Ligand SMILES: [Zn+2]
């Protein structure tokens, strides 16, 4: 259980978030107060003990009814361009608005079991990019902390890529093997919604995130 103090702070942060951010509905979707509050509440969670400044890089939140198809292009090692459609439940861009699929945000309560939470995922990307680079390393207080962070995350990321490659079982979404910044976003999701699984599979990553976010969700769940 979270302390009364945490809950008060979460409400304060969510209120400030609502005051500073602008919500837009895509395709005439009406973003109701209830929807905005639900998004603000999830956005407030990761920054509970870090502060709202990490979200200064964006103002707008674009809410879609459902997932969005985005046309993608990737160039392979032989220089061949591949085009494909990617289904997005959310997206965060440097300096741009945060996009969220309402259907996915709404399902957040039901999807705790498998550690899925699109809002926390996208806001983790925003936190990562707060220092100007989407590289899986959020702003760090000093170089030592940064080096230690990269060491732990990169080694866990490589381990996880191997797990996915060899099709070994894991509670972590395989999407985390896409890149180091996705690894940070997915482990952050898991940290907040399925902390016990993350702690048992990646104790080093859990400990790193616990120090960074200054929260202990697995401890909160202990009887
Ligand atoms: Zn992502």
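Applying 1/(1 + (r/R0)^6) with r as the Cβ-Cβ distance of residue 93 and residue 27 and R0 = 22 angstrom yields a FRET efficiency of 0.65.
Once the Cα-Cα distance is subtracted from the 0.36 nm per residue extended length, the residue 167 to residue 77 segment shows a gain of 30.0 nm. What does the C-alpha gyration tensor say about the overall shape of region 64-222? Classify as rounded when a/c is under 1.5, otherwise prolate if a/b is larger than b/c, or oblate. It comes out rounded by the Cα gyration axes.
With the simple spin-label model, which puts each label point 7 Å out from Cα in the Cβ direction, the residue 8 to residue 178 separation comes to 4.0 nm.
Label-to-label distance for residue 66 and residue 147 is 5.1 nm, based on points extended 7 Å past Cα in the beta-carbon direction. Considering only 93, 35, 162, the mean-square fluctuation computed in a Gaussian network model of the chain, springs between alpha carbons under 10 angstrom, is largest for 162. Among 89, 101, 155, which one shows the biggest mean-square fluctuation in a GNM of the chain, springs joining Cα atoms closer than 10 Å? Looking only at 89, 101, 155, the largest GNM fluctuation is found for 155.
Measuring between their Cα centroids, region 147-223 and region 30-101 lie 20 Å from each other.
Contact order for region 4-221, expressed relative to its length and based on alpha carbon pairs under 8 Å spaced 6+ residues apart, stands at 16 percent. Each helix, a run of at least 4 DSSP H residues, gives -39500 (n - 2.57); summed and divided by the residues of the chain, these come to -14500 deg cm²/dmol at 222 nm. Annotation: peptides 125-133, 40-48, ranked by per-residue average of other Cβ atoms within 10 Å with the highest first, follow the order 40-48, 125-133.
Build a GNM of the chain with springs between Cα atoms under 10 Å apart, and of 103, 143, 210 the one that fluctuates most is 143.
Bear in mind that the values in this text are calculations on the coordinates, not laboratory data. Just so it is clear, the model here is predicted, and its values are computed rather than measured. Note: ideal-geometry Cβ built from the backbone for every residue, glycine included; neighbour counts use all protein chains shown.
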